[in-house]
Amino acid sequence: MSSVLFVNRIIAIKHKRRDKRGWKFSRASIIPSILLTASFASLLYPHAAMWLSQYHMSEVAAQYAKLITNAVPAPHEQLARARDYNRKLSVGAIYEANTNIPTSHGDTSDNRQDYWQQLKANNDGLMARLRIKKIDLDLPVYHGTEDSTLLKGLGHLRGTSLPVGGPGTRSVVTGHRGLASAEMFTRLDEINKGDTFTFEVFGEIFTYKVIEKIVVNPDETKKIAAVPGKDLVTLITCTPLGINTQRILVTGQRIVPTPIADQALKGKKPDVPRFPWWVVGVIVSLCLVACYIWWAGLPVKKKKKKIQL
């Protein structure tokens, strides 16, 4: 019995000392705090990365109207050259990246027939701006489909028509899907027949209504060939998400005349990205970690403990 009283006395003295000292940082809370912070960071990173990437691309899209104003040649001349380029695309070629090159009866050194000189808004390859309201997409479109290009926006498939409209044309635009750092075409599968999307190209707005949505194998290149008399644009991305063995093709046919509501979008500042809710997550996470550190440093409250034999 005396041993029990002795133990109780020691515990009481220890608790009394802790009560007197008040709050003190607990070194034992360091590792749990780091683990908590790392866990929250891993959960919030994809959302933060996507938002920041979308913000950067939206800034580029917002600058598009200013860039084309100072473009050389002037916008109307660039549009005329682009339409001439489309007329001279080789007929019947296989529509793979970088294979369908326009032929010219003039001097082959004439850069008016050089793909990279068409619709040149800046020296970074910026060509156009694509909006899809249904999926909150507002992204810049660049020349080519190289990996480096598709990491900063959407890419126009060289060898297909430039996105300036016209009968017998089909422009093809590609984008990544499922990137951890950017949304791009991740939600393209949500687009259905009847939905619309718009291109802003050197001061002109082109609106397209989705008429077809299909899944094909990568080698089914005839699915993106131009159709006589039709003004088409096809948006392409990979599927299934994370596996990427097939392609989603979303094809739209141009609406003529362009709806007035869409014409009003010319030069308008992007509505995306939306409010960064991930910032709220960061604040809440930091508060939780801070609360844990505070709780871990509190003195142990004096409690009556009974030890039964």
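For residue 158, the residues 5 or more places off, or on other chains, whose built amide H falls under 5 Å of its own are 98, 144, 145.
Taking 13 Å as the straight-line reach from the Cα of residue 209, the aspartates and glutamates in range (excluding those fewer than 8 positions away in the same chain) are 195, 231, 262. Computed as a quarter of the hull surface, the mean projected area of the alpha carbon convex hull for region 150-213 stands at 5.2 nm². The Cβ shell under 9 Å around residue 252 holds other residues with a net charge of 0, Lys and Arg each +1, Asp and Glu each -1. Within the straight-line cut-off of under 12 Å between alpha carbons, the aspartates and glutamates reachable from residue 269 are 59, 138, sequence neighbours fewer than 8 places apart in one chain being disregarded. The share of alpha-carbon pairs in region 211-261 lying farther apart than 18 Å comes to 40%. Would you mind checking the pairs 120/222; 134/222; 66/222; 152/223 and listing those with alpha carbons more than 31 angstrom apart? Correct reply: 66/222. Of the peptides 135-148, 266-279, 249-262, the ranking by mean beta-carbon count within 10 Å, highest at the top, reads 135-148, 249-262, 266-279. When each of the peptides 155-162, 222-229 is scored by the mean number of other C-beta atoms lying within 10 Å of its residues, the order from highest to lowest reads 155-162, 222-229. Among 43, 130, the ranking by other beta carbons within 10 Å of each residue's beta carbon, starting with the fewest, stands as 43, 130.
Over region 177-309, the Kirkwood radius and the radius of gyration, each from Cα atoms, give a ratio Rg/Rh of 1.34. The residues 27, 129, 83, when put in order of fewest to most other Cβ atoms within 10 Å, stand as 27, 83, 129.
Karplus-based coupling profile of region 272-285, in residue order and whole Hz: 10, x, 6, 4, x, 4, 5, 5, 4, x, 5, 4, 4, 4, with θ = phi - 60° in 6.51 cos²θ - 1.76 cosθ + 1.60 and x standing for Gly or Pro. Computed on the Cα trace of region 48-278, the radius of gyration divided by the Kirkwood hydrodynamic radius gives Rg/Rh = 0.94. Give me the net charge of residue 167's neighbourhood, meaning all other residues with Cβ under 13 Å from the Cβ of residue 167; Lys, Arg count +1, Asp, Glu -1. Summing Lys/Arg as +1 and Asp/Glu as -1 gives +4.
We did not get these values from a lab; they are worked out from the coordinates using the rules stated. Just so you know, these numbers come straight off a predicted model, no measurement behind them. No Cβ is skipped: glycine too gets one built from the backbone with ideal geometry, and neighbour counts run over all protein chains shown.
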